[in-house]
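No value in this document is a laboratory result; all are computed from the given coordinates. Not measured: the values here are computed from a predicted model. Quick reminder, even Gly has a Cβ in these numbers, built from the backbone with ideal geometry, and neighbours come from all protein chains shown.
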Amino acid sequence: MKKPLPLVWLPADHRLLGNDQRTMPFLVLGDKYARAVKCNADAQPVLFPLADADQIDALLALVDGVMLTGSPSNVHPQHFGKTLSDPSLMLDEQRDSLTLALVRACVAQAVPLLGICRGFQEINVALGGTLHQKVHELPSHMDHRESPDDSYELQYAPSHEVRLEAGSTFARWAGSDVAQVNSVHGQGIDRLAQGLRALGRAPDGLVEAFEVQGAPAFAYAVQWHPEWKTSDNPFYAAIFKAFGEACRARQVQRLGA
């Protein structure tokens, strides 16, 4: 009998879909995130629809890793002590109520954790950091947003370099201290949470990659989107391969196999 794949929990977005006259709530997970977990981490993505924060411990006992995905929505500024600067900003407070607590539980319980874009920002906020709500309005900062009129191929194409900390895990995965990455975000890290170590920065100094220092298991996050055509990018593929290996190590411990 073939050994089961490690299970990776991907929390879903809460979205109202429809038209101006009629909408209905949906739980949404982008195919590219689930596909990168399945094909590049060699793990099985799983959903726990409508999971609440008080269920986190019980659900973590069933899985071997957690990946926090990107999303069109943003972390509500109330979670880092700021007021909402733009009422039109897409939010997902139901996701916030789960994922911020989930981050802290993963670190405490040695569950492998990978954060991407919104997930990167969630980890920072959950551990006490803050965010810029509009990076493009900051002096001396780049506009990290994609053009809404471009095709997805152009939106997710390499946009700028990221300078990786020499000798870091990311530099090893990239095979270099510099890598080209895509850029599809409007918010970004303001104050890095205590206990996080920046391992990659954009040319304007914005933190683009970090690790949770002292975490007992894999705990890394990136601001860019390595789930986009992962198999075509050796750097992106290496991130998911390492995440998958960490999930398999937890599976052995969890199942005693």
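Summary table below
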item: Only Lys, Arg (+1) and Asp, Glu (-1) charged, at Cβ; the chain dipole about Cα centre in debye; result: 840 debye
item: Cα centre as origin, Lys/Arg/Asp/Glu Cβ charges: region 167-250 dipole, Debye; result: 260 debye
item: Isotropic mean projected area of the C-alpha convex hull, region 107-184 (nm²); result: 7.1 nm²
item: Tensor-based shape of region 142-224 (alpha-carbon gyration tensor, a/c under 1.5 rounded, otherwise prolate or oblate); result: prolate
item: Under-17-angstrom lysine pairs by C-alpha in the chain, whenever the two are 8 or more apart or on separate chains; result: 8
item: Environment charge of His14, counting only residues whose C-beta is closer than 11 Å and scoring Lys/Arg +1, Asp/Glu -1; result: -2
item: Near-label residues of region 86-113 by backbone N, under 20 Å of a point 7 Å along Cα→Cβ of Leu62; result: 95-107, 109-113
item: Cα gyration tensor, the chain - rounded (a/c under 1.5), prolate or oblate; result: rounded
item: Positive-pole candidate from Thr83, Ser159, Val125, dipole of the chain, charges at beta carbon; result: Val125
item: For region 13-112, convex hull volume per residue from C-alpha positions, Å³; result: 121 Å³
item: Beta bridge orientation in region 3-47: antiparallel %, DSSP, nearest 5; result: 65 percent
item: Share, in percent, of DSSP beta bridges within region 1-138 that are antiparallel, nearest 5; result: 40 percent
item: Karplus (6.51, -1.76, 1.60) ³J(HN,Hα), θ = phi - 60°, over region 199-209, in Hz, Gly and Pro reported as x; result: 10, x, 9, 6, x, 8, x, 5, 5, 10, 8
